[in-house]
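What follows is a single structure, written as structure tokens, with notes after it.
What follows is calculated from the coordinates using simple rules that are stated; it is not laboratory data. Just so it is clear, the model here is predicted, and its values are computed rather than measured. Glycine gets a Cβ as well: all are built from the backbone with ideal geometry, and neighbour counts include every protein chain shown.
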There are 4 protein chains.
Amino acid sequence: MEGLRRAERPDPQPEWHQVLIRIRAVSLNYRDHMVVIGQYMGGAVSRDTIPLSDGAGEVVAVGPGVTRFKVGDRVTGTFFQVWVEGPRTKFAPALGVPLDGTLAEYIALNEDGVVAIPPGLSFEEAATLPCAGVTAWSALMVLGRAVKPGDTVLCLGTGGVSVLALQFAKAAGAKVIITSSSDSKLDRARKLGAEFGINYNTHPDWDKEVQRLTNGRGVDHVVEVGGVATLARSYQSIGFGGKIALIGFLAGMKGQQEPYALMMKGGSLHGVGVGSTAMFEEMNRAIEVNGIKPVVDRVFAFDETPEALRQFAAGNFFGKIVIAV
Amino acid sequence: MEGLRRAERPDPQPEWHQVLIRIRAVSLNYRDHMVVIGQYMGGAVSRDTIPLSDGAGEVVAVGPGVTRFKVGDRVTGTFFQVWVEGPRTKFAPALGVPLDGTLAEYIALNEDGVVAIPPGLSFEEAATLPCAGVTAWSALMVLGRAVKPGDTVLCLGTGGVSVLALQFAKAAGAKVIITSSSDSKLDRARKLGAEFGINYNTHPDWDKEVQRLTNGRGVDHVVEVGGVATLARSYQSIGFGGKIALIGFLAGMKGQQEPYALMMKGGSLHGVGVGSTAMFEEMNRAIEVNGIKPVVDRVFAFDETPEALRQFAAGNFFGKIVIAV
Amino acid sequence: MEGLRRAERPDPQPEWHQVLIRIRAVSLNYRDHMVVIGQYMGGAVSRDTIPLSDGAGEVVAVGPGVTRFKVGDRVTGTFFQVWVEGPRTKFAPALGVPLDGTLAEYIALNEDGVVAIPPGLSFEEAATLPCAGVTAWSALMVLGRAVKPGDTVLCLGTGGVSVLALQFAKAAGAKVIITSSSDSKLDRARKLGAEFGINYNTHPDWDKEVQRLTNGRGVDHVVEVGGVATLARSYQSIGFGGKIALIGFLAGMKGQQEPYALMMKGGSLHGVGVGSTAMFEEMNRAIEVNGIKPVVDRVFAFDETPEALRQFAAGNFFGKIVIAV
Amino acid sequence: MEGLRRAERPDPQPEWHQVLIRIRAVSLNYRDHMVVIGQYMGGAVSRDTIPLSDGAGEVVAVGPGVTRFKVGDRVTGTFFQVWVEGPRTKFAPALGVPLDGTLAEYIALNEDGVVAIPPGLSFEEAATLPCAGVTAWSALMVLGRAVKPGDTVLCLGTGGVSVLALQFAKAAGAKVIITSSSDSKLDRARKLGAEFGINYNTHPDWDKEVQRLTNGRGVDHVVEVGGVATLARSYQSIGFGGKIALIGFLAGMKGQQEPYALMMKGGSLHGVGVGSTAMFEEMNRAIEVNGIKPVVDRVFAFDETPEALRQFAAGNFFGKIVIAV
């Protein structure tokens, strides 16, 4: 990982309305991987930027005017610094790019860009939430129709967003269908409550399998992390009024597509861009009430960061990869 | 129960788009009680009306044009005959009043006013759903904001609507607070998943207890079956954006009230009037996916109908009272 | 137009819940054009089908059981026979394909698939509404966020759907930007209230012009009739939370596209498939209250039907082409 | 007005993220009246508080960190300091009580609690908006179902909220029914576009008149400023799915009421508590696009403030009373 280098910098000090956090754990997202290999935004990211958006730790100092937190509180930062609440109405910069991120011992953040860790979660578990968790929550519960008991949710793959979406969907009383190229990952998903797993190697036309498993009704929600490369099959997978939450482009940025199936079914496609501090807190209440434990596939030590990124790039994980700081 | 008499009538025949149902179980609702004691609509109900809105059974014949059901299907009738889907836009007559109801061996209903029983439910369990179930579902999931994981729901009492609301709220990932005058009923509610029970005899100011249990946040939803007599405390129980679903007036029709707490909190009060066939089917999917078993307190034989009504009137039940036909 | 032939058939008779309508005017839609030239559904449409979905006339007879209409009522048929209300939950057949359509002297329709003509509209004006009007209404007021005063709406082109959408958007208090290849059509649109017209020949990168006209805010709603060929620019035209209503594919069925702009903006794409009887009635109230007059470009006589279709195919119209029957 | 006294205080200085505004006009609201006569919150308001929530003026200085405004900008303050966006989730203090208000030459406000005046409005017109305007907007367009073209809106009385609601409802394409005890005020309302006026002295059972004027359909929205004293008739005035926005208690705080009509109609009651900065800006866009001019009944000089309050208390106005500072 030549894109990474270790650097010493002066510890940040909390300014007005800022809290200083001692980072204890961080987690990896696809965007971090792209940044480190120099492919994010066409490689335009400064090589001096501290990477990673997701981190959890404890408050070790508070700046003037802070009212929401005190020293000793266990917290995570939010992805955007700061989108407080309501629908997104302006660009806010994100941790990791363009702002310095969480792969550091200390970070100073505005208190409105910080949330308390739900009781019962470790720092490692909490570190999985800022990007993947809030994205999954927003996709299922905020944008377009919300998941309700009895709905069917289709999760593509078993990465961080998809596995958290599976957990949130189960908490909301839905039935879950999940896809993977690995039968053992499908088994893990079933243990988390997924009713059905589809191996997309065995079933390259997995949309037909989705229709079969739903008796031709189609699903109500798709957590679409693949982008246009999978979107055509997602359009075929939904039922009347089905919603596709467009989250990523893991399977490639470009491709033909014919979105007309949306017209026959009154379906919709919603772009998801993580979420607000208020959504994060709402999600944390759901995690607490339902006793949800985010799935940490493996915890690497800080010195193993390059190896952690390699495992991430290879897709050798289920849920989230975490680094203890 | 002098309001009741047994009568022989010719068996109904299914007309165009009707199915003929052999009733196997019926359940009691407050409205049925009011009808039988002659107090519904000021006593204006014809004494020849067959009472009860809720019944489950099997299809024994289908009329011309029927496409949704076939002989042998296990079904329940819907409360309104017929409100198919969408928001309520016109008056539709209900079973039991003014239409002949379900306390009979056979009933012929339009196929759009009939739904399939979810797999796994007995006739007795299914008979609890048409009025109380659809009302609870509509209150929590259709009108105003829908319950989502992490929300807090307050259920007043342990009658049919409240206990089904408790079960739906748990399926939706919410925390539940329930009230009763009986500690043993509160225990039963806790076994169904309620996090907190409040005995309103011990705590006549139960709204303060609700605020205490929610750390001053208030609840997100109230299932209000008491009417104006309890509404003042429901207004005090909600938090910001809280929703009160107004379902009944078990505690009395009249009273002073000051709804201004709604203004401080951006809260809302929604009148619930059972629901549509589409809502019923949606609820049934939730029941199936979440393995919900409606609580049947006791099953009476057809001949014991007067006794069943007496027990109902006395409030000696938790969930629903059912009569096998 | 070799796809058309004149035929004599027995006059239909109104059956149960049907009304018999003497058709007085019909209007043309893109789908009708595709049917007549044998390209709809890959040419699979029976050549014996009476074409056209949209027609207006008067009730000349009512079948048994009819309660909503009486002889002499001025009515239009609905596109689907029958989608009564609520969101779309099942396929209902449409007039023109696969059902016999409105290019006839008489048609018998279920009363739930018929709506009253708003006071003040001629048969010719009313005939423009079933497909194009309900589609525009659904796109703006039903699916996703509804247009509200102060919003900005982008209408692509000046065909039937776009011009009705312009009129509905103005009635709803919105600002309208409309595109065309013809400056004279843009002038007509401005006379109907459009604030801005963009000639997409002069501005092939019309999305940039949209951003300029909105001071970089982007629009809140796009009435997307072009399909994937224009969708890439529609994605660029919206602002935060912007909604694109996907209605047609006039500019071609296939193409590359990258929907990721939706992610940055929290935008959404909604498939529109005309709408229900209830939406039609809702739209008619809006037409009545706001004195909206649908734009009839030209009325052809029944014998001129082939010429009407040729003018339609050539795009020589603004709003709608109507045929008097 | 012994409750008022003139005082000299040091001019405020803009601190971090504050702008200093030279107030040019203020408007009166019912709450201000209650404060001045010492009856607000049981008289608990400090007599040193500068009253009034609503003011407009120009920015004369900006504090450190300010990005949204510059010297010379024409602005109004928001009612709450500060509720930025999204639904209300916490208490924010309001201008006038408990914070010092706008009846002053200068006020320093956080930039997030300030909005630009729409082009074309005078300071006097802009001063009508912070409380009454945002309240009317929230009541019609934010809480519960939003007004859409063809809806019918009932406005009670001709005070600031009701007249602005009338204007917003017309901009949204709705039909408006308005009530008053004065035929000349009803005439003024008709000139602003109200279709129907009801004199509630002539028609004390004005709900019946509402039903008559709507052919028994009832209205879709009620702007309820009277409180429980009028609420019983508001419940009778709505149609299916009708929404009552509870805004005030001008007609008295207490009274019997039976909200059960909500159950028959699937109606709802929503508490309105002004609104956020984002809602204010949204409303301002609607004002600009639709050329709305708030109705200023009369402008008093600063020295005439006691007389302005007396006229307000006597109800001798239509729309808003303004004081030039």
(request) For segment C:15-36 and segment B:257-325, write down the distance between their C-alpha centroids in whole Å. (result) 46 Å
(request) Pick out which of C:THR49, C:THR102, C:THR135 has the largest mean-square fluctuation in a Gaussian network model of chain C, springs linking Cα atoms closer than 10 Å. (result) C:THR49
(request) For segment C:64-180, just the Cα set please: Rg and Dmax, both in angstrom. (result) 15.9, 49
(request) Could you work out the local net charge near B:PHE79, counting Lys and Arg as +1, Asp and Glu as -1, over the other residues with Cβ closer than 11 Å to its Cβ? (result) 0
(message) Given R₀ = 22 Å, what would the calculated FRET efficiency be for A:ARG6 paired with A:ALA324, taking r from the Cβ atoms and rounding to 0.05?
(response) 0.90
(message) Can you give me the C-alpha center-to-center distance between segment C:105-167 and segment D:169-216, rounded to a whole angstrom?
(response) 29 Å
(message) Can you give me the orientation-averaged projected area of the convex hull built on the Cα atoms of segment C:1-64, in nm²?
(response) 5.2 nm²
(request) Within 10 Å of each Cβ in peptide C:228-238, how many partner chain Cβ atoms are there on average? Round it to a whole number, please. (result) 1
(request) Give the Cα extents of segment C:141-220 along the principal axes, in whole Å, largest first. (result) 32, 27, 19
(message) Please compute the average number of Cβ atoms from other chains found within 10 Å of each residue's Cβ in peptide C:284-294.
(response) 4
(request) Would you mind giving the average projected area, over all directions, of the Cα convex hull of segment D:175-218 in nm² with one decimal? (result) 2.7 nm²
(request) Please report, to one decimal in angstroms, the Kirkwood hydrodynamic radius of chain D built from all distinct Cα-Cα pairs. (result) 20.0 Å
(message) Stokes-Einstein diffusion coefficient for segment D:44-103 at 20 °C in a medium of 1.002 mPa s, Rh from the Kirkwood formula over Cα pairs: what value in µm²/s?
(response) 164 µm²/s
(request) Of the listed pairs B:LYS208/B:LYS293; A:LYS185/A:LYS320; D:LYS208/D:LYS265; B:LYS243/B:LYS293; D:LYS70/D:LYS293; B:LYS148/C:LYS243, which have alpha-carbon separations greater than 22 Å here? (result) B:LYS208/B:LYS293; B:LYS243/B:LYS293; D:LYS70/D:LYS293; B:LYS148/C:LYS243
(request) Send over the semi-axes of segment A:1-120's equivalent ellipsoid, whole angstrom and largest first, taken as the square roots of 5 times the C-alpha gyration tensor eigenvalues. (result) 24, 17, 13
(message) Loop-only trypsin sites (Lys or Arg not before Pro) in segment C:1-31, please: DSSP not H, G, I, E or B, and at most 16 other Cβ atoms within 10 Å.
(response) C:ARG5, C:ARG6
(message) Give me the inter-chain shielding for B:139-152: mean count of other chain Cβ atoms within 10 Å, whole number please.
(response) 6
(request) Take every Cα-Cα distance within the protein assembly as shown, group them into 10 Å bins from 0 onward, and report for each bin the whole-number percent of pairs it holds. (result) 2, 9, 16, 21, 22, 17, 10, 3, 0, 0
(message) Please list, by residue number, every one of the chymotrypsin sites (Phe, Trp or Tyr not before Pro) in segment B:18-115 that is coil in DSSP and has at most 12 other beta-carbon atoms within 10 Å.
(response) B:PHE91
(message) Largest first, please: the extent of the C-alpha atoms of segment B:169-325 along each principal axis, to the nearest Å.
(response) 52, 34, 29
(message) For a quick check, take a GNM of chain D with Cα springs below 10 Å and name the residue from D:LEU156, D:LEU121, D:LEU140 with the largest mean-square fluctuation.
(response) D:LEU121
(request) Could you check which residue among A:VAL296, A:VAL163, A:VAL153 shows the biggest mean-square fluctuation in a GNM of chain A with a 10 Å Cα cutoff? (result) A:VAL296
(request) Above 19 angstrom, tally the Cα pairs of segment C:84-150 and express them as a % of all pairs, no decimals. (result) 46 percent
(request) Please identify the helices of chain A, taking whole runs of DSSP H, that span at least 30 Å along their own axis as judged from the Cα atoms and have a mean Kyte-Doolittle score of -1.0 or higher. (result) none
(request) Return the sequence-ordered ³J(HN,Hα) values of segment B:142-150 in whole Hz as given by the Karplus equation 6.51 cos²θ - 1.76 cosθ + 1.60 applied to θ = phi - 60°, using x for Gly and Pro. (result) 10, 8, x, 5, 8, 5, 10, x, x
(request) Net charge near A:ALA286: determine it from the other residues with C-beta under 9 Å of the C-beta of A:ALA286, scoring Lys and Arg +1 and Asp and Glu -1. (result) -1
(message) I'm checking a number: the convex hull volume of the Cα atoms of segment B:255-323, normalised per residue, in Å³. What is it?
(response) 186 Å³
(request) Scan around D:ASP151 for amide H atoms under 5 Å from its own, H built in the peptide plane at 1.01 Å from N, and keep only partners 5 or more places away or cross-chain. (result) D:LYS175
(message) Using DSSP to call loops (not H, G, I, E or B), can you name the trypsin sites (Lys or Arg not before Pro) in segment A:73-140 whose Cβ has at most 13 other Cβ atoms within 10 angstrom?
(response) A:LYS90
